[in-house]
1. All but one of (1) buried (at least 16 other Cβ atoms within 10 Å of the Cβ); (2) among the charged types (D, E, K, R); (3) modelled with pLDDT under 80 hold for residue 145; state the number of the condition that does not hold.
2. Since residue 138 meets every condition but one in (1) farther than 24 Å from residue 73 by Cβ; (2) at pLDDT below 85, which condition does it not meet?
3. Would you mind finding the one in 47, 11, 29, 77 that is modelled with pLDDT of 85 or more, surrounded by 11 or more Cβ atoms within 10 Å (Cβ to Cβ) and charged (D, E, K, R)?
4. Would you confirm whether any residue within the range 93-111 is buried (at least 16 other Cβ atoms within 10 Å of the Cβ) and among the hydroxyl-bearing types (Ser, Thr, Tyr)?
5. Among the candidates 195, 211, 173, 158, single out the residue that is assigned by TED's automatic domain parsing to the domain that holds residue 89, in a helix (DSSP H, G or I) and either at pLDDT below 80 or under 26 Å from residue 78 (Cα atoms) (or both).
6. How many residues, within the range 136-152, are more than 18 Å from residue 123 (Cβ to Cβ), without any contact (Cβ under 8 Å) to a residue 60 or more places away in the chain and part of a helix (DSSP H, G or I)?
7. Take the conditions in the same structural domain as residue 187 (by TED's automatic domain parsing) and closer than 23 Å to residue 42 by Cα and apply them to residue 91. Does it pass?
8. Residues that are farther than 29 Å from residue 188 by Cβ, at least 3 per element: which helices (runs of 4 or more DSSP H) completely within the range 1-116 meet that?
Amino acid sequence: MKIIVEDKEIELDLPDRNVTLNEVIEEVETFLFEVGKIPIALTFNGEPWTQETLEARQDEILQGTETLEFGVQTIFEFINANLKGAKDANEELLKSIATFAEEIHSPTKTVEAEHLIDEINHFFEFWYKLKNLLPEDFEELAFGDRSFDSLFEDLRSLFEEIVASMEEKDFVLGADLLQYEVVPTIKSIHDAIPLLTEKVNARAAVDQETLNIQKETL
């Protein structure tokens, strides 16, 4: 099969066993990560795939004749773009929580519990993924006397309690937990975005300077 990354083609011979698409993608991701890059798009046999298509077909067995072309970004470009999006997403989540709590006794609801839970799940997925990309920076983050891991573990426990209260139709408890426990925690994490952005930009500048020096010595 053929792997294409930034116009460079690699012929890949699959082993004599069933190999899934997901296995190949993970190998490519590992290689790219080692050189400071991350895949952001996939074209499969000339067809651009969405994330939904990839998730639906990732367990398919490959024949060895396929062509996979990856669009890539540097890790720092990817993180910066996502931090900008995270700022907006966090603000939308806070608005959804506030609206849900305000409408708790209203017969008309503009924010359904299921939608709010989806937003919360996306919140967790994003921050855990970012932590895996920036482990050292996240270790240095402090929220008062608490680490990021401690803060997120408490937040996860709170969300489990909130989901349980919603399932039991105790929306008042759920709303109180969201307003008085979850919102301040999300705001603390939200406030860390500028510091993370600054760290990422500083590291990107150092990497670029190193690259320029290497080019000058060639």
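1. (1)
2. Of the numbered conditions (1) farther than 24 Å from residue 73 by Cβ; (2) at pLDDT below 85, the odd one out for residue 138 is (1).
3. Of the residues listed, the single one that is modelled with pLDDT of 85 or more, surrounded by 11 or more Cβ atoms within 10 Å (Cβ to Cβ) and charged (D, E, K, R) is 29.
4. Yes: the range 93-111 contains one or more residues that are buried (at least 16 other Cβ atoms within 10 Å of the Cβ) and among the hydroxyl-bearing types (Ser, Thr, Tyr).
5. 195
6. 3
7. Taking the combined requirement at face value, the residue does not satisfy it.
8. 21-34, 51-57
The values are calculated or read from the model by the stated rules, or taken from the named source; none is laboratory data. It should be emphasised that the depicted structure is a prediction, and the values quoted were computed from it without experimental measurement. A quick note on method: Cβ atoms are made from the backbone with ideal geometry, for glycine too, and the neighbour counts reach across all protein chains shown.
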